[in-house]
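For reference, the structure discussed in these notes is given below.
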Amino acid sequence: MEDDKQQPEQLTRPYRMQARARSAALTGERILDAAVEVFYEQPVHNISLEDVARRSGVTVQTVIRHYGSKEGLFTAASERESRRITSDRDQAAAGDTAGAIRILLDHYEEVGEGVLRMLAEEHRMPALREIIDRGRDYHRQWCERVFTPALTGRDEIERERRLAQLIAVTDIYTWKLLSRDYGLSREQTELALGELLHPLTGGN
């Protein structure tokens, strides 16, 4: 009889454990959502765990239990955001310069201001430098893939020079110069980038 009484508990324990695991995962994602919002709004050195905890509706201890520290939280949030952005930008097809520009500008318009703030602070946090370096590596790989027709058939020196030109034209600082510093509209910024890229890509 005793064994029979224990069976319901034994059956429900795994479900409770799964429910707690799901709840913890959802809490972790909610914390990351709040962290990404804060990171895009203000300089990293101004951000506190209290800000993130308040926005995500948890305590600071809960944030620390999930991510260990401000740097750990920032790293986790940046890595998740990087995966999202990479997925969006990877939709650009090789050889489609016009489509690539549209996707790139969608990305810059959405998160450009926050990225520029992080770039200005990259020497303050080792983890931030690592994330930014990975972003630079990704942008280079993106340019190599998207502008493959413009790079094919060139010798190594010429190819590296052309790739560097393509990277520079599509860099976030070029977007900042055109869109923010000179105040071009989205349409005019898109046109300007197309005109800058045309001699490098042959119009493809």
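Here are the numbers:
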item	result
Residues (within 22 Å of the chain's Cα centre (by Cα) and acidic (D, E)) located in region 152-183	D171
Which listed residue, of V60, V38, is touching a Leu at 6+ places or on another chain (Cβ under 7 Å) and not assigned by TED's automatic domain parsing to the domain that holds T148	V60
Residue under evaluation A92, criteria (1) surrounded by 13 or more Cβ atoms within 10 Å (Cβ to Cβ); (2) over 23 Å from Y173 (Cβ atoms), criterion not met	(2)
Qualifying positions in region 48-62 - surrounded by 16 or more Cβ atoms within 10 Å (Cβ to Cβ), in contact with a Lys or Arg (Cβ under 9 Å, 6 or more places away or on another chain) and either more than 19 Å from R124 (Cβ to Cβ) or touching a residue at least 24 places away in the same chain (Cβ under 8 Å) (or both)	L49, S56, V58
Residue within region 181-204 that is closer than 24 Å to E79 by Cα, assigned by TED's automatic domain parsing to the domain that holds A98, buried (at least 17 other Cβ atoms within 10 Å of the Cβ) and in contact with a Leu (Cβ under 6 Å, 6 or more places away or on another chain) present	no
Odd one out for A35 among (1) under 29 Å from P199 (Cβ atoms); (2) surrounded by 15 or more Cβ atoms within 10 Å (Cβ to Cβ)	(1)
Residue, modelled with the lowest pLDDT, within region 18-46, restricted to residues that are of a type in the set (D, E, K, R) and within 18 Å of I85 (Cβ to Cβ)	E41
Pairs, first closer than 15 Å to A53 by Cα in region 15-43, second modelled with pLDDT of 85 or more and outside any helix (DSSP H, G or I), C-beta under 6 Å, six or more apart	none
Test: residue in region 98-106 that is within 15 Å of the chain's Cα centre (by Cα) and surrounded by fewer than 16 Cβ atoms within 10 Å (Cβ to Cβ)	yes
Checklist (1) among the hydrophobic types (A, V, I, L, M, F, W, C); (2) surrounded by 12 or more Cβ atoms within 10 Å (Cβ to Cβ); (3) within 22 Å of the chain's Cα centre (by Cα) applied to A120, failing item	(2)
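The values are calculated or read from the model by the stated rules, or taken from the named source; none is laboratory data. Small disclaimer: the values here were computed from a predicted structure and weren't measured. Glycine also receives a Cβ, built like all others from the backbone with ideal geometry; neighbour counts cover every protein chain displayed.
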